[in-house]
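Worksheet: one structure, shown below.
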Amino acid sequence: MSQRITVSGMSCEGCEENVEEALTAVSGVTAVDVDRTTEVATIEGSANADELAAAIEEAGYEATDAET
């Protein structure tokens with residue numbers, strides 16, 4: 001299953017990597033693609049959207065518009 005989450009606050013490649021690492025650590029995530037230009041994280045796997053959003057926010061970014 002693929003989910004898309006809007007991520008605000010990313011300004012560089014390091015930000016993308018931080019969000020990717022945070023999302024990869026969530027149980028059930030099998031793949032992550034983060035694009036700071038479009039402010040979208042695409043997550044593959046069975047992870048809960050609320051857990052994904054919490055991981056992004058714990059990394060210091062804002063997560064909105066979670067879609068499954």
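Since every read-out is calculated from the coordinates, none of them should be taken as a lab result. On a predicted model such as this, the values are computed, not experimentally measured, just so you know. Cβ coordinates were reconstructed from backbone atoms using ideal geometry, including for glycine residues, and neighbour counts include every protein chain displayed.
Annotations for the structure displayed:
- Residue with peak Gaussian network fluctuation, the chain [Cα springs, cutoff 10 Å], from A54, A25, A41: A25
- For mean projected area of the Cα convex hull in nm², calculated from these coordinates, the label among (i) 3.6; (ii) 4.9; (iii) 5.6: (i)
- Spin-label pair T30-D65: with each label point 7 Å from Cα along the Cα-Cβ axis, the two points sit 2.6 nm from one another.
- Farthest towards the positive end of the charge dipole of the chain, among the residues A53, C12, G28, is the Cα of G28, using unit charges on the Cβ of Lys, Arg, Asp and Glu.
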